[in-house]
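Data block below; observations after.
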Amino acid sequence: MVWDFTAYDFLDPDLRTRMPSVNGSLHRQGELTAIAGLFQVTSCREYRIYQVRGYDLSNMTIIEHDSGLVIIDPLASYETVQAALQLFRDKTELSKEQRPVKALIYTHCHVDHFGGARGIFHELGDPLEPGVPVVAPEGFLEHAVSENIYAGPAMARRAQYMYAAQLDKGPMGQVGSGLGLTISTGEVTLIPPTVYIGGSDHQPVPKENWKSSHVIPWRPGLHVFDGFGFPLVFQLTPGTEAPTEMNIYFPDARTLCIAENATHTMHNILSLRGAQVRDAHAWSKYLTEAIQTFGKETDVLFGEEGLRAFLGGGMAAALVPLIASRDRTPMTVTVDSGGNRRTVSSVHHPCTGDVAHAAQGTWKDPARSDHPDTGKHIMRRITTVLLGVAAILGILSAPASADDAPWSRLVSVSANAAGADPWHPGAPEHNGLIVLP
Ligand SMILES: [Zn+2]
């Protein structure tokens, strides 16, 4: 069996405290990622953005435009993607003509974001070359091949231990993998890209060619693609969660797809399955760039894995998960973990007054004293960002108690502004759900 929706029925919130064998956070994460179905993320005059979630480890995004569908990240397996597309068609096209898939986009080179590619064109009789644009970040094919073919057998074997997809599901077996429940075990396929963002044909847009319809102000390094009847703005993020990856901004919908660069987990810097080690510094840098580039012009944020949609409230609502995600990056590297944890807890401590001073005072890592970007620099980055954003939101006054540190107030204020943070206890658990499978 490739995918079984009933396998995780045991993830009942009422039973969470009665499963001593299961970590409470993993259980909670499992409850949320088990909410499977078709979601409408947002819409604008030009198109509607849907996601099918819980049909694989990753989410599949469908842009429904009058002229057809643009699919972003066709899951991991031929079988799961067919089921996901069918769900969309069954629930949105009953009284309408079936819309053709007119383009495919891969946000990055991990198998759960391209493995189902050929299943998308099953309706057309499985053509090897479907004759539609297939858009990917530069370097996609080389990295997809090196991970999944050169290192494929070893990595597939190690992935079995990492995701435990073949174990029985249950409190004494496989519970979830944080990002999602597990990875599907169907047929992996690939349709090679025909358009490379950052390749010789799709270079960044020079300032003189920037249009007001792109909504965000021009910045160097942004790529625009106009081939679908509406503009998309791509931000390449090489060397982050994947060696080649990109975020996608939808100007008409004021919406940002953050690929897998922000999720509801600690960042997976050193993947147990043996994928290329990630550069925590580059990752945090590109998240900062995303916040600065798109933050003010973004009302909706969604991810291709784990991270669901954050709606409404404008800048504050869209920024919070991104900032939280970015500030997790330097903390996840093993060699950094102790020092950075001390750093962040000092920043949070309400009694210190001068938090920046306190944070810098606690950092010491002689093992990495030659590294140009450890110690004071990382702490400065964390404290500057934290305090800078808090000041923008006008909530950084003298904290009243240990429970009322600047960061916790920032999160709760903004979660309220968002009104729909599915990971925030007490908030609605999902938004936009149209139908369960
Ligand atoms: Zn990935």
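Taken over region 197-215, the criterion of being over 26 Å from Cys109 (Cβ atoms) and either in contact with an Asp or Glu (Cβ under 7 Å, 6 or more places away or on another chain) or not in a helix (DSSP H, G or I) (or both) is satisfied by Pro206, Trp210, Lys211, Val215.
Within the span defined as region 3-20, every residue fails to be assigned by TED's automatic domain parsing to the domain that holds Leu179 and part of a strand (DSSP E or B).
Close contacts from region 15-37, counting a first residue that is among the hydrophobic types (A, V, I, L, M, F, W, C) and a second that is surrounded by fewer than 17 Cβ atoms within 10 Å (Cβ to Cβ) and at pLDDT 85 or above, with Cβ to Cβ under 7 Å and a gap of 6+ residues or different chains, come to Met19/Pro171; Val22/Pro171. Checked against the criterion of being more than 16 Å from the ligand (Cβ to nearest atom) and within 30 Å of His27 (Cβ to Cβ), region 178-187 has at least one qualifying residue.
With the condition kept exactly as written, say whether any residue in region 167-174 is within 20 Å of Thr240 (Cα to Cα), under 25 Å from the mean Cα position of the chain (by Cα) and not charged (D, E, K, R). No, region 167-174 contains no residue that is within 20 Å of Thr240 (Cα to Cα), under 25 Å from the mean Cα position of the chain (by Cα) and not charged (D, E, K, R).
Scanning region 130-173 for residues that are part of a helix (DSSP H, G or I), over 18 Å from Thr189 (Cβ atoms) and touching a Gly at 6+ places or on another chain (Cβ under 6 Å) turns up just one, Arg158.
Of Leu69, Leu85, Leu75, which residue is among the aliphatic types (A, V, I, L, M) and out of contact with any Asp or Glu (no Cβ under 9 Å at 6 or more places or on another chain)? Result of the check over Leu69, Leu85, Leu75: Leu69. Restricted to region 216-230, and to residues there that are within 22 Å of Leu287 (Cα to Cα) and assigned to a loop (DSSP other than H, G, I, E, B), the residue that is nearest to the ligand (Cβ to nearest atom) is Gly221. The residue pairs whose first member lies in region 284-307 and is in contact (Cβ under 8 Å) with a residue 40 or more places away in the chain and more than 27 Å from Leu181 (Cα to Cα), whose second member is within 16 Å of the ligand (Cβ to nearest atom) and of a type in the set (A, V, I, L, M, F, W, C), and whose beta carbons are closer than 8 Å, counting only pairs six or more residues apart or on different chains, are Ala290/Ile258. Taken over region 133-161, the criterion of being of a type in the set (A, V, I, L, M) and over 20 Å from Met1 (Cβ atoms) is satisfied by Val134, Val135, Ala136, Leu141, Ala144, Val145, Ile149, Ala151, Ala154, Met155. Among residues of region 167-181 that are touching a residue at least 40 places away in the same chain (Cβ under 8 Å), those with a beta-carbon under 8 Å from a residue that is surrounded by fewer than 20 Cβ atoms within 10 Å (Cβ to Cβ) and of a type in the set (Ser, Thr, Tyr) at least six positions away or on a different chain give the pairs Pro171/Ser21; Met172/Ser21; Gly178/Thr265; Leu179/Thr265.
The values are calculated or read from the model by the stated rules, or taken from the named source; none is laboratory data. As the structure is a prediction and not an experimental result, all values here were calculated from the model. Neighbour counts run over all protein chains shown; Cβ positions are idealised from the backbone, glycine included.
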